[in-house]
1. Applying the selection to region 262-279, what residues are within 21 Å of Arg43 (Cα to Cα), part of a helix (DSSP H, G or I) and open to solvent by less than 20 Å² (accessible area, probe 1.4 Å)?
2. Looking at region 23-40, which of its residues are of a type outside the set (D, E, K, R), surrounded by fewer than 21 Cβ atoms within 10 Å (Cβ to Cβ) and under 14 Å from Arg135 (Cβ atoms)?
3. Going residue by residue through region 298-311, is there one that turns out to be in contact with a Pro (Cβ under 6 Å, 6 or more places away or on another chain), open to solvent by less than 20 Å² (accessible area, probe 1.4 Å) and not hydrophobic (A, V, I, L, M, F, W, C)?
4. Among the residues of region 182-196, which ones are in contact (Cβ under 8 Å) with a residue 12 or more places away in the chain and either assigned to a helix (DSSP H, G or I) or not assigned by TED's automatic domain parsing to the domain that holds Ala216 (or both)?
5. Can you find, within region 150-162, the residue that is surrounded by the most Cβ atoms within 10 Å (Cβ to Cβ) among those that are farther than 21 Å from His77 by Cα and within 16 Å of the ligand (Cβ to nearest atom)?
6. So which residues in region 162-181 are more than 14 Å from Ile71 (Cβ to Cβ) and either of a type outside the set (A, V, I, L, M) or touching a residue at least 24 places away in the same chain (Cβ under 8 Å) (or both)?
7. Any idea how many residues of region 47-77 are within 13 Å of the ligand (Cβ to nearest atom) and of a type in the set (Phe, Trp, Tyr)?
8. Quick one: which of Tyr232, Tyr225, Tyr281 is under 21 Å from the mean Cα position of the chain (by Cα), within 30 Å of Ala125 (Cα to Cα) and at pLDDT below 95?
Amino acid sequence: MTQQFERLDEEKVFKDPVHRYIHVRDRLIWDLIGTAEFQRLRRIRQLGTTFLTFHGAEHSRFGHSLGVYEITRQMIHIFKNRNDWDDSETLLSMCAALLHDVGHGPFSHSFEKVFGTDHEQYTQAIILGDTEIHRLLEQVDGDFPQKVADVIGKTYKNRLVVSLISSQIDADRMDYLLRDAYFTGVSYGHFDMERIWRVMRPRNDQIVFKLSGMHAVEDYIMSRYQMYWQVYFHPVTRSAEVILTKILHRAKMLYRSGFRFKYRPVPLQTLFEGRMTLQDYLRLDESVIMYFFQVWQEEDDPILSDLCRRFINRRLFKYVQISKDQLNVDDKLKEAFIEAGIDPEYYLEVDSSSDCPYDFYRPGEEEERQPIQLLMPDGKLHELSQESDVVGAITGKRRTDHKLYYPKDRVLDLPNHSKAKKEICELLHI
Ligand code: ZN
């Protein structure tokens with residue numbers, strides 16, 4: 001594809017706490033940022049309920065998307081200077097980077113669990129459907145929107161372009177690790193991104209890394225590993241997510257059974273009815289959801305109002321660690337909860353977290369992972385874990401963790417002579 005890049009008369013910049021500046025030189029990128037669908041990302045937090053654990057984590061998907069665009073732009077710039085890059089793919093790569101998360105909704109993971117929505121499908125729908133974004137992309141070329149969708153969907157023919165945005169070491173992950181570390185304030189998550197850029201080399205449609213940069217790559221893998229366990233899987237964040245999921249379940253159930261809400265969830269109606277359009281989806285953001293959680297504290301349904309009060313005032317569930325053979329909640333525990341007047345469907349939940357910090361493809365596995373390849377001085381490629389003892393030690397090691405969440409305050413408030421209280425305390429070891 002050869003297309004004219006329409007340049008802005010003057011470069012525009014966004015001040016960014018992670019990359020210092022985000023530079024925009026193309027009119028298309030500038031116009032995409034200005035669309036209603038992209039501006040909506042300002043009202044969706046990057047880390048969902050994490051702000052209840054790390055109060056700094058209020059950053060939005062808007063900032064992250066700009067960051068992924070900026071990293072992609074810089075990587076292409078380095079490739080171009082070495083004649084390693086087909087310039088006709090530049091605008092496409094930058095658009096895909098900018099738009100890769102545009103289909104995220106409010107608290108995506110909980111919504112996906114309750115309503116079966118899929119943010120990746122919405123990303124495709126926004127790029128290909130009746131939207132401002134689609135109309136802009138179409139002006140480049142009739143099949144340009146489809147190409148952007150293919151890069152994001154990982155089906156685009158030029159694998160190098162795909163791997164810039166999605167691989168085990170890509171612009172998306174680099175931005176979120178640095179950005180999430182910055183906003184949560186944790187000391188993990190930092191690595192020398194510029195060093196990694198400098199040792200990247202395109203080779204056979206894949207990005208490989210010069211051996212001299214191995215330690216920077218190791219650092220990146222370790223920071224990802226630490227961020228997962230210290231931030232993304234933090235039990236307090238998961239507890240808030242459990243409550244959020246239960247609120248959505250309860251509200252949907254009440255709506256479907258004809259409950260008369262004092263505050264009718266008009267923007268959520270088509271979602272509850274399972275006939276949500278793209279336009280309905282685009283009207284949802286975290287301010288809408290938080291509004292309903294706020295007002296539903298006053299609803300007559302005791303479960304809905306209690307769960308909303310918990311979320312709004314951060315009265316979260318506590319947890320006990322469980323093993324993998326305790327994933328089905330003990331019937332005795334459920335019965336004791338019912339006996340105590342606490343509905344186990346809404347007040348007991350098993351949550352599992354699992355991550356594998358780095359892996360390479362092994363035949364017969366479901367998830368194909370492109371290995372990280374090191375470029376040796378003799379020109380041969382060696383898979384990272386063969387060379388790095390640090391990475392070798394964690395390669396293919398999946399760590400899984402299971403917890404049972406429950407409202408400890410409700411249990412402790414039960415009268416001391418109650419049989420149910422004694423039983424619950426015994427079963428949960430409290
Ligand atoms: Zn992303």
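The values are calculated or read from the model by the stated rules, or taken from the named source; none is laboratory data. As the structure is a prediction and not an experimental result, all values here were calculated from the model. In this analysis, Cβ positions are derived from the backbone assuming ideal geometry, glycine residues included, and neighbour counts consider all displayed protein chains. The area values use the complete protein model at the heavy-atom level, side chains included, leaving out ligands, DNA and RNA. Shrake-Rupley method; radii C 1.70, N 1.55, O 1.52, S 1.80 Å.
1. Correct list: Leu268, Leu271.
2. Restricting attention to region 23-40, the residues satisfying the condition of being of a type outside the set (D, E, K, R) are 23-24, 28-30, 32-36, 38-39.
Narrowing further to those that are surrounded by fewer than 21 Cβ atoms within 10 Å (Cβ to Cβ): 23, 30, 33-36, 39.
Listed by number, the residues that qualify are Gly34, Thr35, Ala36.
3. Going through region 298-311, the residues in contact with a Pro (Cβ under 6 Å, 6 or more places away or on another chain) turn out to be none.
Within region 298-311, none of the residues are in contact with a Pro (Cβ under 6 Å, 6 or more places away or on another chain), open to solvent by less than 20 Å² (accessible area, probe 1.4 Å) and not hydrophobic (A, V, I, L, M, F, W, C).
4. Our first condition is that a residue be in contact (Cβ under 8 Å) with a residue 12 or more places away in the chain; within region 182-196, this holds for 182-186, 188-193, 195-196.
Within region 182-196, Tyr182, Phe183, Thr184, Met193, Arg195, Ile196 qualify.
5. Among residues in region 150-162 that are farther than 21 Å from His77 by Cα and within 16 Å of the ligand (Cβ to nearest atom), the one surrounded by the most Cβ atoms within 10 Å (Cβ to Cβ) is Gly153.
6. As a first pass, look at region 162-181 and keep what is more than 14 Å from Ile71 (Cβ to Cβ): 162, 168, 180-181.
Those that are more than 14 Å from Ile71 (Cβ to Cβ) and either of a type outside the set (A, V, I, L, M) or touching a residue at least 24 places away in the same chain (Cβ under 8 Å) (or both): Gln168, Asp180, Ala181.
7. Total meeting the criteria: 2.
8. Numbers: Tyr225 fails: within 30 Å of Ala125 (Cα to Cα); Tyr281 fails: at pLDDT below 95.
It is Tyr232.
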